[in-house]
Amino acid sequence: MSHIRAARTPVMRRAARRRVEQPILRTVMQVFAQSVATWQQRRTRLGDGAVGRKGDNHIEQGTRIAHILADVLGQTYYDHGLDFGCGWGRFMSLIAARCGHVWAADLFHDWLDRAVADIPHATSILLTEPSLPLDDASMTLIVDIMTLQSIDAPELRVRYVSELLRIAADGARLISVHKCDSWLANKSALSGLTEVDTKHITIDGEPEGYYLLTARM
Ligand SMILES: C[S@@+](CC[C@H](N)C(=O)[O-])C[C@H]1O[C@@H](n2cnc3c(N)ncnc32)[C@H](O)[C@@H]1O
């Protein structure tokens with residue numbers, strides 16, 4: 001056995017590695033494609049209300065979240081902010097008002113166009129794969145309003161979390177709103193964060209409620 005392994009050339013070893021790695025990559029891309037299809041169907045069914053929970057009044061919910069977000073953001077100014085999974089931009093102007101430049105990332109052209117409309121210092125990012133086309137350590141603020149929680153597939157969430165950690169500048173602020181039963185409720189899910197604070201918040205009157213997580217990355 002051992003002499004067979006020893007006889008492998010580096011090229012053969014790389015080929016063997018690729019045979020193992022390629023199916024994993026395909027799976028994440030397939031899962032991503034599935035998540036785009038699911039969200040496309042959800043938009044068709046619920047229209048703008050797709051950003052809230054089915055049956056919610058997404059306008060009222062948005063107003064409640066906006067108050068909470070404004071409070072957390074305070075008057076601090078950030079050089080570069082990302083609204084990860086911005087939807088059609090419910091919170092873009094609020095975030096943009098505190099940022100030198102703001103990026104809006106989501107899956108759909110039309111939502112992104114609306115999100116950045118009338119915000120001259122905003123750039124939209126259409127996600128066509130589960131990676132963020134932003135430089136390492138480039139963002140000083142990352143906002144996730146119910147986006148990570150909407151990504152059910154664990155391998156996709158893990159991919160996005162590693163992307164968010166990659167693009168976060170040292171000490172970047174993370175603000176995340178997510179369901180209490182979401183994986184993010186477990187503080188160790190984002191290990192390496194500092195100044196982690198989670199608060200129970202009510203954004204739509206549902207008894208199980210939501211968490212507001214703030215942290216430094
Ligand atoms: C619950 S909505 C929240 C939207 C926005 N943050 C808001 O509160 O108005 C979740 C957002 O995540 C986006 N999303 C879902 N799956 C995604 C994925 N795999 N990659 C990136 N964004 C995704 C959806 O298109 C949607 O805009």
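The values are calculated or read from the model by the stated rules, or taken from the named source; none is laboratory data. Computed from a predicted structure; not experimentally measured. We place every Cβ from the backbone using ideal geometry, glycine too, and count neighbours over all the protein chains shown.
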Subset tally (residues that are closer than 17 Å to Asp106 by Cβ and more than 8 Å from the ligand (Cβ to nearest atom)) for region 43-67 | 5
Do we have Ala189 as at pLDDT 90 or above and away from the ligand (no atom under 16 Å from the Cβ) here?
-> no
Mind checking which pairs have a first residue in region 66-78 that is under 17 Å from Trp103 (Cα atoms) and in contact (Cβ under 8 Å) with a residue 24 or more places away in the chain and a second that is of a type in the set (D, E, K, R) and surrounded by 13 or more Cβ atoms within 10 Å (Cβ to Cβ), Cβ under 8 Å, 6 or more apart or different chains?
-> Leu73/Arg98; Tyr78/Arg98; Tyr78/Arg173
How many residues, within region 141-160, are more than 11 Å from the ligand (Cβ to nearest atom) and closer than 15 Å to Thr214 by Cα?
-> 2
With the condition kept exactly as written, say whether any residue in region 18-31 is within 20 Å of Asp106 (Cα to Cα), of a type in the set (S, T, N, Q) and at pLDDT 80 or above.
-> yes
Here are some residues: Ile203, Ile151. Which one is surrounded by 16 or more Cβ atoms within 10 Å (Cβ to Cβ) and touching a strand residue (DSSP E or B) at 6+ places or on another chain (Cβ under 9 Å)?
-> Ile203
Being of a type in the set (Gly, Ala, Ser) and away from the ligand (no atom under 16 Å from the Cβ) is the filter here, so list the residues in region 68-113 that pass it.
-> Gly74, Ala97, Gly100
Asp136 vs. criteria in contact with a Lys or Arg (Cβ under 8 Å, 6 or more places away or on another chain), under 19 Å from Arg64 (Cβ atoms), touching a residue at least 24 places away in the same chain (Cβ under 8 Å) and charged (D, E, K, R) = no
